Structure formats: structure tokens, C-alpha cells
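A.B. asks: Please see the structure below; I have some questions.
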Amino acid sequence: MPDQTRKLAAIVFTDIVGYTKLAAENEPAALSLLEEQREILKPIVEEYSGNWLKEMGDGLLLTFNTNLEAVNCAIAIQNAVKDIDNLNLRIGIHNGEVVFQGNDVVGDDVNITARVEPFAAPGGIAISDRVNASLERDPEFSTKLLGTPDLKGVGQEVKVYCITSHDLPETDLSQVSAKLEPEGFQWNVKNSI
């Protein structure tokens, strides 16, 4: 079993909206877009003291020491790519424990971040309640509660917000394919003996 290192981190997932369709229609353009994303985003991530952990197809997995660094970097990324053809990103941010295992990074909180990201509007940023709690006391930021999604494979209850300040688009829930729990929903937990 490889050595494991655990670390608390602000975790960021990015995803290029429409990349699969672009790759199916024009693979050279799609591959060129990935290179352009790398060239534009790596310096921004470094500027905010982030760690570029992994590229997964058109998505990125990044970590930061603080929620504020992660959020400010995500805003800078969205500003940098907003006028670039086909480089329309959704970004999700969560805070939790990351497990470094060999050259890979895993853990429940990594999975939560991946599940939060689809709640971002194209060009927007979705955050978990842990990240939102660190922004609530800063008047520079405005957020909107989207709800409590049924995050596939996640046992924790996670509330998801979108950042609505900084000229970021608000999430239109009718455009999100992930599910939200109905208002007032409560899990019925039974003890088994």
C-alpha cells in the first residue's frame, strides 16, 4: 500500500462546458483548448499559492491552503477565460480532508467537490456550505443558497451555494442535471440490530 498523507485543504474542481461535444466534432481544436487552458490557468493558480494536482480530461483538480485563496483564484480564472472561445468553465469549491496516496489524491471531500461543481452556472462558481461560512463575514462576497443536493456516493449533508458577486452568473437550477432534496426533506434513519 502506498504511503498516505492527509491534509486539510480548499479543494477546487473545474470543468469545461461543452468539451465532450467539441472533442467529438473537432478533436484537434479540443486538444488545443486543453493546452490553452493549461497556459492560462497555471500562472493564476501559482499566483494564489495553489497546487495543480491533476488534470482529468478537460477538468482540473486544485488545492489551496485557505478558502479565500481558492475563491479568489476561481474568480481570477473566470475573469481570465470569459472572452476565450470554448473555454467556458464551471468551478466547484469545497473544504475538507485530502488524502495523498502515491501520485494520486482521493477522499470523500474530493468526491464532494466533484459533485458540487455541476451546480455552478457556466462561467460561475458553486461552493459548499463550509466554504460559504468563511465568506459570510466578508461584505465583498454575495452568495445564494441553491439547496441540499443528493450527492451521489456521499453520506454527508452538504448545502450548495453559488457566488453571485464579482459579476459571476447565478445558477439556474432548471439547467442543473444533479438532484436537490425537496424542501423540508429529512432522512429517515432506522437502527438495525
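The values are calculated or read from the model by the stated rules, or taken from the named source; none is laboratory data. If you're wondering where the values come from, they're calculated on a predicted model, not measured in any experiment. For neighbour counting, all protein chains shown are included, and Cβ atoms are generated from backbone atoms with ideal geometry for every residue, glycine included. Calculation scope for accessible area: heavy atoms of the full protein, side chains included, ligands and nucleic acids excluded. Shrake-Rupley method; radii C 1.70, N 1.55, O 1.52, S 1.80 Å.
A.B. asks: When region 92-127 is examined, which residues are found to be open to solvent by 30 Å² or more (accessible area, probe 1.4 Å), assigned to a strand (DSSP E or B) and not charged (D, E, K, R)?
C.D. replies: If the condition is that a residue be open to solvent by 30 Å² or more (accessible area, probe 1.4 Å), assigned to a strand (DSSP E or B) and not charged (D, E, K, R), then 95, 100, 101, 106 are the ones that fit.
A.B. asks: Residue 33: at pLDDT 95 or above, surrounded by 15 or more Cβ atoms within 10 Å (Cβ to Cβ) and either in contact with a Lys or Arg (Cβ under 6 Å, 6 or more places away or on another chain) or farther than 19 Å from residue 126 by Cα (or both), yes or no?
C.D. replies: Numbers: at pLDDT 95 or above: yes; surrounded by 15 or more Cβ atoms within 10 Å (Cβ to Cβ): yes; either in contact with a Lys or Arg (Cβ under 6 Å, 6 or more places away or on another chain) or farther than 19 Å from residue 126 by Cα (or both): yes.
Yes, satisfied.
A.B. asks: Please specify each residue of region 128-168 satisfying the condition of being within 19 Å of residue 15 (Cβ to Cβ), surrounded by 16 or more Cβ atoms within 10 Å (Cβ to Cβ) and without any contact (Cβ under 8 Å) to a residue 60 or more places away in the chain.
C.D. replies: Those that are within 19 Å of residue 15 (Cβ to Cβ), surrounded by 16 or more Cβ atoms within 10 Å (Cβ to Cβ) and without any contact (Cβ under 8 Å) to a residue 60 or more places away in the chain: 128, 146, 149, 151, 154, 160, 161, 162.
A.B. asks: Additional query: Specify which of the listed residues (7, 42) is modelled with pLDDT under 95 and of a type in the set (Lys, Arg).
C.D. replies: Of the residues listed, the single one that is modelled with pLDDT under 95 and of a type in the set (Lys, Arg) is 7.
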